[in-house]
Amino acid sequence: VPFISMLFLMLLLLFLALFPGAFNCCTKNSDEIPKGILRRVEKFEIQKADGLCHLEAVILYIEGRKFCVSPRIRKLKKWMKKNKHKIPRKKKAHGRKQRRIKIIKKKEKKQ
C-alpha cells in the first residue's frame, strides 16, 4: 500500500511538472459583464479551447482576482478591439517634470 501511494504521488508531481497550466483553466464563464467592470481590468488573457483547457474564455484580472467571461459578449469584443491586448499602464509624468526631478536630485547629490 505505501508503494502504491508513493507511485501515485510521483505520477501526480510528474503531471504537474509537465502541464503547469492544467489547473489554471477556466471551467465555466459568465455571459454577462457588470457595468463599469472593464474600466478596472488590469490585464487580460485569451483562453483557447484547445490543449489542456476545453473552454473558450477571456480571463480578466481585477485587483489580483481572475474572472472568466465569454469571448462572445459584444461589449467585451468592442473593448478588446479598442485595447488591442494591451495591459493598461500608469501614466508617466511629462518630460519637463521628469527633467526637473533629475536636476533637483543632482543638486542634492552635489551638496
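Taking the conditions (1) modelled with pLDDT of 85 or more; (2) outside any strand (DSSP E or B) in turn, Lys35 satisfies each one other than (1). For the stretch 82-92, does any single residue satisfy the condition of being of a type in the set (A, V, I, L, M, F, W, C), in a loop (DSSP other than H, G, I, E, B), surrounded by 12 or more Cβ atoms within 10 Å (Cβ to Cβ) and modelled with pLDDT under 65? Checked the stretch 82-92: no residue is of a type in the set (A, V, I, L, M, F, W, C), in a loop (DSSP other than H, G, I, E, B), surrounded by 12 or more Cβ atoms within 10 Å (Cβ to Cβ) and modelled with pLDDT under 65.
Are any residues in the stretch 45-58 open to solvent by less than 30 Å² (accessible area, probe 1.4 Å) and either more than 11 Å from Leu76 (Cα to Cα) or more than 10 Å from the chain's Cα centre (by Cα) (or both), and if so, which ones?
Hits for the stretch 45-58 are Gln47, Cys53, Ala57.
Checking each residue in the stretch 26-41 for being more than 16 Å from Arg74 (Cβ to Cβ) and surrounded by 12 or more Cβ atoms within 10 Å (Cβ to Cβ) picks out Cys26, Val41.
The values are calculated or read from the model by the stated rules, or taken from the named source; none is laboratory data. Everything numeric in this text was worked out from a predicted model, so none of it was measured. As a convention, Cβ positions derive from the backbone with ideal geometry for all residues, glycine included, and neighbour counts pool all protein chains shown. Just the protein is used for accessible areas: all its heavy atoms, side chains included, with ligands, DNA and RNA removed. Shrake-Rupley method; radii C 1.70, N 1.55, O 1.52, S 1.80 Å.
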